[in-house]
Amino acid sequence: MRKLIMAVTGVAAAAVLGACSAGESGAPAGAAAPAGEVAPPVTTTTTVPPPTTSAPPTSSAPPTTTTTTKKKPSTTKPKPKPVEKPAAGVPCSISSGACVDLSAKKTWILRDGQVAYGPVPITAGKKGYPTPVGTFSVTSKVKNYHSRQFDAPMPNSVFFVPGIAFHTGSLSQQSHGCIHLSAKASAKYFSTLKVGDPVQVVR
């Protein structure tokens, strides 16, 4: 019995010694490297996670430039219209239109300060029916006018005052205010004078 115990004890001691020698030959994890050996470098990789939110793109619009061009005031003055002078040799101050001289019993057609037609003889209003004196303008024209008041034809009537006109009439008898002309002269006045043309009657 005693021999058996001693044998077992010896086997156990041998096992312990074998285990210790095995531990010295293989270094356990975490032990320092033996002297004379270089430890491998330790590499650490850090991964930065991408941002969860991204800032919206910023667009910078170019500044708007407004250019205002001011027009320079014109320094060119319009040329004044030439002043037309009265026709020479006639008693009227107008430069265009019809001129009537009651004292001389004559009439003219004027254009641009020149005598365009005339003088031609006339007869005017008799006593009680004077032909008005002044500056007027042609208001209307009637080729074959017939007076209801006097029941008489008055061809080539050119009115310049209500009820008063140039027209074909007797050159020997005075009128009721109108200007009597020969048939030829009245046709000329009718075709030449326009509505709005001046008519000046002087005495």
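What follows draws every value from the coordinates through simple rules; no lab data is involved. Predicted model, so just to flag it, every value in this text is computed and none were measured. All Cβ positions, glycine included, derive from the backbone under ideal geometry; neighbour counts span all protein chains shown.
What the phi angles of region 94-104 give under the Karplus curve with 6.51, -1.76 and 1.60, with θ = phi - 60°, is a coupling list of 7, 9, 9, x, 10, 10, 10, 10, 5, 5, 7 Hz, glycine and proline written as x.
In the structure shown, do any of Lys143/Lys188; Lys105/Lys184; Lys127/Lys194; Lys143/Lys184; Lys126/Lys188; Lys105/Lys126 have a Cα-Cα gap over 21 Å, and if so which? Let's see the in-between values first.
Details: Lys143/Lys188 12 Å; Lys105/Lys184 17 Å; Lys127/Lys194 30 Å; Lys143/Lys184 13 Å; Lys126/Lys188 24 Å; Lys105/Lys126 13 Å.
Cα-Cα > 21 Å for Lys127/Lys194; Lys126/Lys188; rest within.
Place a point 7 Å from the Cα of Ser93 along the Cα-to-Cβ direction; which residues of region 128-148 have their backbone N under 11 Å from it? Residues 135 fall inside that zone.
Close amide H partners of Ser137, meaning residues 5 or more places away or on another chain with modelled amide H under 5 Å apart, are Val199. Residues with amide H under 5 Å of Met154's amide H, sequence separation 5 or more or different chain, H placed in the peptide plane at 1.01 Å from N; which? Placed amide hydrogens put Tyr145, His146, Ser147 under 5 Å from Met154.
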